[in-house]
Amino acid sequence: MMYVRPKKHFGQHFLKDENIALQISNSLSMHQNYKQVLEIGPGTGILTKYLFSSTAYQTRLIEVDTEAYQYLLEKYPDKKDMIILGDFLRLDLSALFSEPFAVIGNFPYNISSQILFAVLENRNLVPEVVGMFQKEVAMRIAAGPNSKVYGIISVLLQAFYDIEYLFTVDEHVFNPPPKVKSAVIRLKRNNVQSLGCDEQLFTKVVKQAFNQRRKTLRNALRGLNMNPELLASDILNKRAEQLSVADFFEITNKIMV
């Protein structure tokens, strides 16, 4: 069997602990009864074998590294139709999947946030995500209000997904070991179909509020056309990190475009 060399420019840190691979695969809860799974960046396939062995769903892989792709074809010759050479961030997911599918993987840390924003754009196709992230990023995604790490990505993702921090992973279980701890989180699609407000404006409000997170919202959101009810509200005396996702919906609805 050929050897796959981890490549820095792909952000590759290959998992080598079987127990953690099994734990990650077991974290798929089949939320909303999907029958398809997509693994991003399988590398040497330590997680893949547990996914392929399941009869509850069908697994596809997408791998950008040609060396890892060839290795996987050799390792799983009967699954070659399920192994895609390509970049997940450039993939047309709706062309590949006609029904809901889960996303799973030991995500390359340099594109992990971009992966979740791509999921967000395809949220009605993706009921569940189970992923390995840099611990700091995982904590930020799962954080709630009144936390120092609660921020833009927390609010935008939690508008459509319920997020759970599952477990922490030490550095030594990877090749090469990263310089930071890692963590696995799970995102489950919630029941929100529409935000009940202008989605682009909602994103703008969240970004503007957190980009000046030390300021009160009255100052951070200066320049937006707020209606009199919002201008008189005590909510503007709070800072971004004190607001729930629902509070951001409410503010957005009181801004006149």
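What ranking of 182, 25 emerges when the number of other C-beta atoms within 10 Å of each C-beta is taken as an exposure proxy, fewest first? Don't skip to the end; give the middle numbers.
On the way: 182 25, 25 22.
Lowest to highest Cβ neighbour count: 25, 182.
If you place +1 on the Cβ of every Lys and Arg, -1 on the Cβ of every Asp and Glu, and leave all else neutral, what size is the dipole of the range 123-257 about its Cα centre, to the nearest 20 Debye? Display every interim value, and only then the final one.
Working: 19 positive and 13 negative charges, 99 e Å.
Here the size comes out at about 480 debye.
Neighbour counts of other C-beta atoms within 10 Å: give me 185, 141, 235 arranged from fewest to most. Don't jump to the answer; show the numbers that get you there.
Details: 185 22, 141 26, 235 15.
Lowest to highest Cβ neighbour count: 235, 185, 141.
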R0 = 45 Å: FRET efficiency of residue 81 with residue 247, Cβ-based, nearest 0.05?
-> 0.45
Report Rg(Cα)/(2.2 N^0.38 Å) for the range 41-158, keeping two decimals.
-> 1.14
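Is it possible to state the helix-based mean residue ellipticity at 222 nm for the chain, with each DSSP H run of 4+ residues giving -39500 (n - 2.57), the sum divided by total residues, to the nearest 500 deg cm²/dmol? What is it? Don't jump to the answer; show the numbers that get you there.
Working: 11 runs with 83 residues, N = 257.
When only DSSP H runs of four or more count, the value is -8500 deg cm²/dmol.
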Among 113, 86, 55, whose Cα lies farthest out toward the positive end of the dipole of the range 30-130, if unit charges sit on the beta carbon of Lys, Arg (+1) and Asp, Glu (-1)?
-> 55
Out of 182, 143, 153, whose Cα points farthest toward the positive end of the dipole of the range 138-205 (charges: +1 Lys, Arg; -1 Asp, Glu; placed on Cβ)?
-> 182
Grab the other residues whose beta carbon is less than 15 angstrom from that of residue 5, score K and R as +1, D and E as -1, and report the net.
-> 0
Tell me which lysines have Cα within less than 19 Å of residue 254's Cα, excluding those fewer than 8 residues away on the same chain?
-> 204, 207, 238
Identify, among 208, 245, 225, the residue whose Cα sits farthest towards the positive end of the charge dipole of the range 199-253, taking +1 on the Cβ of Lys and Arg and -1 on the Cβ of Asp and Glu, with the dipole about the Cα centre.
-> 208
If the label point is 7 Å along Cα→Cβ of residue 165, which residues in the range 107-145 have backbone nitrogen under 12 Å from it?
-> 135-145
Label-zone membership for the range 218-232, site residue 256, 7 angstrom Cα→C-beta point, backbone N under 20 Å = 218-219, 221-232
So how do 222, 213, 140, 90 line up by other beta-carbon neighbours within 10 Å, fewest first?
-> 90, 222, 213, 140
Check the straight Cα-Cα distances from residue 181 and name the lysines below 26 Å, setting aside those fewer than 8 residues away within the same chain.
-> 7, 8, 16, 49, 135, 148
Computed about the Cα centre, the charge dipole of the range 203-243 from +1 Lys/Arg and -1 Asp/Glu charges at the Cβ has a magnitude in debye, to the nearest 20, of 280
Computed for the chain: size of charge dipole around the Cα centre, +1 on C-beta of each Lys and Arg, -1 on C-beta of each Asp and Glu, debye to nearest 20, value 820
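Taken together, the values in this text are just the output of simple stated rules run on the coordinates, not laboratory data. In this text the structure is predicted, and so the values were computed from the model without any measurement. Cβ atoms come from the backbone with ideal geometry, glycine included; neighbour counts cover every protein chain shown.
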